[in-house]
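**Student:** My questions all concern the structure below.
Here, each number is a calculation from the coordinates, and none is a lab measurement. For clarity, every value in this text was computed on a predicted model and none was experimentally measured. All Cβ positions, glycine included, derive from the backbone under ideal geometry; neighbour counts span all protein chains shown.
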Amino acid sequence: MSLKLKGFVMVKKTVFILIMFLSLTGFAQEARTSKGTTSNIDENGRIHTKQHYKGVVPGINDVPAVPSKMKHKKITRPLVEWVGFQAFKDYSRVFVQVLGNFTFTVTKTDKLKIDITIPNAKVDTPNDARELVTFKFPTKVNMIKTSEVNTDSGTSVVIHIMLKKDVGYLFRQEGKYIFVDVENPH
């Protein structure tokens, strides 16, 4: 092969490698950017609407866009429709969406556990009883577990908020929501 032809082949290979490298770098930057935006949660909820989150965000999306939640339900007793978590700068929020008339108690059962108990209630779907693992967030909430517990007066739903550290909390009811705000000291 002539020296001129070898040089042309080398240039062609170099251009091909350079194009492949730039393409892969572009994809890597795109993935890094999209990953970064999903971990930032703003208090106005813009990230949820921007990312098309289909779950419940109190005050922004009260009806989840998932098939099991769209069917009409006959409410004969309190129904735990959604258990959620929001990490903010100074506190973390655990929220529970409950359909029907309900009462509840919030108790710190030990220094690393807060229980929300909703008497005579049931969990809407098995998915609503799944654990929320939150220990990777910059928060004092380690994990959230939901279970149905049999009592003398019937079945109750208990949401266990497991903490990383003994911290304070506030709670309130707002319509069909129970909010437990766990402090996040810096």
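**Student:** Exposure proxy check: 75, 159, 144 ranked by fewest other beta carbons within 10 Å? Let's see the in-between values first.
**Tutor:** Working: 75 11, 159 25, 144 22.
Neighbour counts put them in this order, fewest first: 75, 144, 159.
**Student:** Okay, moving on. Can you put 88, 104 in order, fewest other beta carbons within 10 Å first?
**Tutor:** Working: 88 14, 104 18.
Sorted ascending by nearby Cβ count, the order is 88, 104.
**Student:** Compute the length gained on full extension between residue 132 and residue 109: take 0.36 nm times their separation in residues and subtract their Cα-Cα distance, giving the result in nm to one decimal. Can you show the working numbers first?
**Tutor:** Numbers: separation 23, 0.36 × 23 = 8.28 nm, distance 1.92 nm.
Extra length from residue 132 to residue 109 when fully extended: 6.4 nm.
**Student:** Each residue of the stretch 101-107 in turn: what ³J(HN,Hα) in whole Hz from Karplus with 6.51, -1.76, 1.60 and θ = phi - 60°, glycine and Pro shown as x?
**Tutor:** 7, 8, 10, 7, 10, 10, 9
**Student:** Report the Stokes-Einstein translational diffusion coefficient (µm² s⁻¹, integer) for the stretch 114-186, Rh taken as the Kirkwood radius over Cα pairs, at 37 °C with viscosity 0.692 mPa s. Please report the intermediate quantities before stating the final value.
**Tutor:** On the way: Rh = 13.4 Å.
It comes out at roughly 245 µm²/s.
**Student:** Apply the Karplus curve 6.51 cos²θ - 1.76 cosθ + 1.60, θ = phi - 60°, to the phi angles in the stretch 157-168 and return the couplings in whole Hz, x for Gly and Pro.
**Tutor:** Whole-Hz 3J(HN,Hα) from phi for the stretch 157-168: 9, 10, 9, 9, 9, 8, 9, 7, 8, 6, 9, x.
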